[in-house]
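One structure below.
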Amino acid sequence: MTAGKVSAMFVAGSFAALGLASGTLHLLIGAMIIAPGFEPFSRVALGLAHGSRARRRGLIDIVKGYGALTAGGAGGAVLCAIFGDGWIDAGVGSYLPAEALQRYFSTTTWSSGIVAVLGGAAGALLLVVNRRVLTAGVMVALALIPAFALTGMAVVGGEWGLAGRALGRGALDAAVVTVMSTIVFWWHRRTAHRRTRV
Amino acid sequence: MTFTVEVTDRSLGQVMRIADACGAGTDQAMSLSTSRPASLVTAGRADDVVQDSDTATAEEIELAIG
C-alpha cells in the first residue's frame, strides 16, 4: 500500500470518527468511499487462492492501512476532546443521536454476518469482472471503516469495552470478507484461469 | 522485439496459458502486459467485442488491487 493510500485511510478514519461522534451518517459514508479498505483483504484472499506472494503483501497492507485508519479515528477523538464534549462526543447536534451509530457499529448481529458474507463475495466478483471502482459500494455495506475508526476513538478515550466490541465487529467483517473473497478467487482460478501458477 | 496480440477477454486465458508455458514470469528476457482499448473501430468482429466476457486475469486483479 502506497503512502498516498495509507494517508487516505488515515483521513477516512478521521472523517469516520467525526461522523460517529456527531451522529452524521453522510460523513461515515464519505469515509467508507474514500478509504481503499477492500484491497488489503482481497490481496490476502488472492494470495491464498493462488498460492502467491500477494498474501504476505496483503497482510502488510492490512497492518499499514487499518493501522492508519485506527490512528485517524483516534485523531478524530482528540479533536472531539478539544472542541467537543468528550473523546467520542463531538458536542454538536445532528440528525441522528451520536450513540446510535456507535452502538450499531460496535454490535455484531446475524444480519451483520450475512452482509459480510455477501459483501466479501460481491467485492471479489467485482474485481474478477474488472469493476474495481464499484467495490466502494461494498465498503459502504460493510462495517470495516466505522468499526476500526471507533476502535481508535474508544482506545484514546479509555472506553475499553466499546473498543473491544468495535474491534470484534471489524475483525468479524475482515475475516468473513477474506474467506468469501478467497472462495471467489479460487473458483475463478478453477474455471477461468486454469493455470498451475500465477 | 515486441509482439502485439489483440484478443477478446474470452480468449485471454488461453493466451496467458501459452505465455506461461513459454516462460513468462520466469524468463528475464520476456515481459507481458495487457491493456484494454478505450474505443474500437473495425469492419469485422465488432459483435465479438460487444458480447465479450469481462473476466480479468489473475495478474490484472493483482495489479488492480495493488
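Assorted remarks:
- Residue match in the range A:20-39 (condition: buried (at least 24 other Cβ atoms within 10 Å of the Cβ), in contact with a Cys (Cβ under 8 Å, 6 or more places away or on another chain) and assigned to a helix (DSSP H, G or I)): yes
- First in the range A:176-191 and part of a helix (DSSP H, G or I), second anywhere and buried (at least 22 other Cβ atoms within 10 Å of the Cβ) and polar (S, T, N, Q), Cβ under 7 Å, 6 or more apart: A:Ser181/A:Ser42
- Taking the numbered list (1) under 15 Å from B:Glu62 (Cβ atoms); (2) in contact with an Asp or Glu (Cβ under 6 Å, 6 or more places away or on another chain) in turn, B:Thr8 passes all entries but (1).
- Any hit, the range A:65-85, residues being within 14 Å of chain B (Cβ to nearest Cβ) and either closer than 30 Å to B:Gly25 by Cα or within 13 Å of the chain's Cα centre (by Cα) (or both): yes
- Enumeration of residues in the range B:13-29 that are surrounded by 11 or more Cβ atoms within 10 Å (Cβ to Cβ) and facing chain A (nearest Cβ under 10 Å): B:Gly13, B:Gln14, B:Met16, B:Arg17, B:Ala19, B:Asp20, B:Gly25
- Qualifying residue in the range A:126-137 (condition: part of a helix (DSSP H, G or I), under 19 Å from A:Ala21 (Cβ atoms) and more than 14 Å from chain B (Cβ to nearest Cβ)): no
- Counting residues in the range A:108-120 that are surrounded by fewer than 24 Cβ atoms within 10 Å (Cβ to Cβ), among the hydroxyl-bearing types (Ser, Thr, Tyr) and not in a loop (DSSP other than H, G, I, E, B) gives one or more.
- Condition check for B:Ala46: more than 12 Å from every other protein chain (Cβ to nearest Cβ), surrounded by fewer than 14 Cβ atoms within 10 Å (Cβ to Cβ), touching a Leu at 6+ places or on another chain (Cβ under 9 Å) and not basic (Lys, Arg): yes
Each value in this text was obtained by applying a stated rule to the coordinates, not by laboratory testing. Note that the coordinates shown come from a computational prediction; the quantities given were computed from them, not determined experimentally. Every residue, glycine among them, receives a Cβ derived from its backbone with ideal geometry; neighbour counts consider all protein chains shown.
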